[in-house]
1. Just to be sure I understand the filter: pairs with C-beta atoms under 8 Å, separated by 6 or more residues or on different chains, first member in the stretch 387-405 and at pLDDT 95 or above, second member among the charged types (D, E, K, R). Which pairs pass?
2. Considering only helices (runs of 4 or more DSSP H) fully contained in the stretch 42-148, which possess at least 2 residues that are closer than 30 Å to Ala23 by Cα, touching a residue at least 12 places away in the same chain (Cβ under 8 Å) and in contact with a His (Cβ under 8 Å, 6 or more places away or on another chain)?
3. Only one of Ala364, Ala340, Ala371 is touching a strand residue (DSSP E or B) at 6+ places or on another chain (Cβ under 8 Å), more than 21 Å from Asn270 (Cα to Cα) and either free of Cβ contacts under 8 Å to residues at least 40 places away in the same chain or not charged (D, E, K, R) (or both). Can you tell me which?
4. Phe212: open to solvent by 10 Å² or more (accessible area, probe 1.4 Å), part of a loop (DSSP other than H, G, I, E, B), of a type in the set (Phe, Trp, Tyr) and touching a strand residue (DSSP E or B) at 6+ places or on another chain (Cβ under 9 Å), yes or no?
5. If you scan the stretch 280-299, which residues turn out to be open to solvent by 10 Å² or more (accessible area, probe 1.4 Å), within 14 Å of the chain's Cα centre (by Cα) and hydroxyl-bearing (Ser, Thr, Tyr)?
6. Suppose we keep only residues that are hydrophobic (A, V, I, L, M, F, W, C) and either open to solvent by 10 Å² or more (accessible area, probe 1.4 Å) or in contact with a helix residue (DSSP H, G or I) (Cβ under 7 Å, 6 or more places away or on another chain) (or both) within the stretch 222-242. Which one would you say is farthest from Asp261 (Cα to Cα)?
7. List the number of the failed condition for Asn434; all other conditions in (1) in a helix (DSSP H, G or I); (2) surrounded by 10 or more Cβ atoms within 10 Å (Cβ to Cβ) hold.
8. Could you list, in sequence order, all residues of the stretch 72-90 that are open to solvent by 10 Å² or more (accessible area, probe 1.4 Å) and hydrophobic (A, V, I, L, M, F, W, C)?
Amino acid sequence: MVEFFPDVPVIRYEGAQTKNQLAFRHYNPDEVVEGQKLRDLLRFSICYWHTFRGTGSDPFGAATLQRPWDDGSNSLENAVKRVGVAFEFFTKLGAPFYCFHDRDVSPEGSTLKESHRLLDAVAKALKEHQTKTGVKLLWGTANLFSHPRYLHGAATSCNADVFAYAAAQVKKAIEVTHELGGENYVFWGGREGYMNLYNTNMQRELDRLARFMHMAADHATAIGFKGQFLFEPKPKEPTKHQYDFDAAACLNFLRAYDLTDKVKLNIETNHATLAGHTMMHELEYARIQGALGSIDANTGDLLLGWDTDQFPTDIYLTTQCMLVILEQKGIAPGGVNFDAKVRRESFEPIDLFHAHIGGMDAFARGTKIAAAIRKDGALSDFVKKRYRSYDEGIGKKIEEGTVSFADLEKYMLEKGNSAPNESGRQELLENIVNQYL
C-alpha cells in the first residue's frame, strides 16, 4: 500500500521531557482525568476541509501548500485518493474522529443528481476506511455557502428554488452522515444573514430558517438517524449581520421556534472572538442552559479582523475551555474538533502533524490543569463564598421567589442600608490560575 507520509511514524506519547517533535508530551490517550480516559473525554476530531482541502490562498495571495498526493483536479478519482491520505493521517495521529462538509470530500456535479452520485461513491470509500481503521465520523454537514447559487443565502434565500436545492443537499448529507455512523450533524449558516435591510424581509427569512431545521429533524427521524443536531454560532463573516451571531442569538432563535429539544450548539473559539466574547463565556453560556454540544477548537489573531482559524496552543485558552467542559462531565456525543488550518507559510505536509500535535497537547495539558484547579476548589470555593448572601435569609428568599418588591423595600427600610461589598479579588484569582500553569 502506498504511504503518503512515509517519513512520519505513528505519533505516540513520550512525556514532557522528550525531544522528539513527532511525539505527544502531554496527550496520553489512556491517562484518566476525572474518571475518564483522555481519548474519551476530549474526543479529538480532524476537519477535512482545512486539513485536506486547504490551499493556503488568502485574499492577497495564491495557493502555497504542497500536497503532492493531490493532482489539483475536481475528479472523483482524486477525491477517492484523498480519502486514503486522510485516513493515513488520522491513524498516524491517533485521532478517533473526523468531520466533513459534503463538498469537501466529494466534487460538485453539473446537476444535483450527479452530485448525489459522486457523494455516494466517496462515502463508500470513507466507510471502507472507517471499517479498516476504526476511525469514526464525529459529524457531517453540507456546504451551503461556496456555490454562487447561495449568494443570497440557503435556507434564508429569497429564491425558493435555492431553498429547495439546499434542502435536497442537506437531506443527502444527513443520509450520508447516518450511513457513516456520524454522531452529530451540524448546521452552519455561512450566508444565513443579510447585508442590507433595505432589500431584506428578516421575519420571513428567520421563519424559513426555522422551517428548514424542523424539516431536517423530521427527515432524521424518518430515516432513523439518532445523532445530535448542532447549530454553530458565527458573527459578521461573510455577511454583515449573521442570524447565528453568538450563543445567545442562536439559543433565542431555537427557543422562539421550538427547536431547543432538537438542536444544541457547536461553539468555536474564533467565532467567539469575532462576536466580542471569550470562548469561556460562550461555552459557559451554552452549558448553563443545557445546550453545549460540541466545540471547534481553534483560535484567532487579535491583530487581524477575520476568521484566521489558527491552531489552539494557548494553555490559558485550553484550560478555560476544559474548566467548562469538565463541569458538565465531558462533551460526548460531541467532541473537540480542530477546525484549524496551518499558516500559508507552513506549506509542507509535515506541518500538518506539528500543528495537530501541538493542539492535542495543549488541550491535554489544559484538561489536567483544569482538573487540578477543580480538585483544589481554587476557584469554586471563592465563587461559593462570594454568593453566600443568597444561601440564607433574604437572599435565599429572593432566589426561591418568595418575596416581592414590597417585601424587599420593607426589609431595607428596617435594615437601613445594604451590607458592605467585598473585593472580587480578580488579580488574586488570576495569580492562582498562573500557579497551576
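1. Qualifying pairs under 8 Å: Tyr390/Lys396; Tyr390/Glu399; Lys397/Asp407; Val403/Lys397.
2. Numbers: elements: 76-93, 102-105, 112-133.
In the stretch 42-148, 76-93 are the helices (runs of 4 or more DSSP H) which contain 2 or more residues that are closer than 30 Å to Ala23 by Cα, touching a residue at least 12 places away in the same chain (Cβ under 8 Å) and in contact with a His (Cβ under 8 Å, 6 or more places away or on another chain).
3. Working: Ala364 fails: more than 21 Å from Asn270 (Cα to Cα); Ala340 fails: more than 21 Å from Asn270 (Cα to Cα).
Selected residue: Ala371, the only one of Ala364, Ala340, Ala371 that is touching a strand residue (DSSP E or B) at 6+ places or on another chain (Cβ under 8 Å), more than 21 Å from Asn270 (Cα to Cα) and either free of Cβ contacts under 8 Å to residues at least 40 places away in the same chain or not charged (D, E, K, R) (or both).
4. Numbers: open to solvent by 10 Å² or more (accessible area, probe 1.4 Å): yes; part of a loop (DSSP other than H, G, I, E, B): no; of a type in the set (Phe, Trp, Tyr): yes; touching a strand residue (DSSP E or B) at 6+ places or on another chain (Cβ under 9 Å): yes.
Answer is no for this residue.
5. Of everything in the stretch 280-299, just one residue is open to solvent by 10 Å² or more (accessible area, probe 1.4 Å), within 14 Å of the chain's Cα centre (by Cα) and hydroxyl-bearing (Ser, Thr, Tyr), namely Thr299.
6. Initial filter on the stretch 222-242 (hydrophobic (A, V, I, L, M, F, W, C)): 222-223, 225, 229-231.
From what's left, either open to solvent by 10 Å² or more (accessible area, probe 1.4 Å) or in contact with a helix residue (DSSP H, G or I) (Cβ under 7 Å, 6 or more places away or on another chain) (or both): 222-223, 225, 229, 231.
Numbers: Ala222: 17, Ile223: 19, Phe225: 15, Phe229: 10, Phe231: 12 Å.
This residue is Ile223.
7. For Asn434, the exception is condition (2).
8. Leu76, Val80 - these are the residues of the stretch 72-90 that are open to solvent by 10 Å² or more (accessible area, probe 1.4 Å) and hydrophobic (A, V, I, L, M, F, W, C).
The values are calculated or read from the model by the stated rules, or taken from the named source; none is laboratory data. Just so you know, these numbers come straight off a predicted model, no measurement behind them. Cβ coordinates were reconstructed from backbone atoms using ideal geometry, including for glycine residues, and neighbour counts include every protein chain displayed. Calculation scope for accessible area: heavy atoms of the full protein, side chains included, ligands and nucleic acids excluded. Shrake-Rupley method; radii C 1.70, N 1.55, O 1.52, S 1.80 Å.
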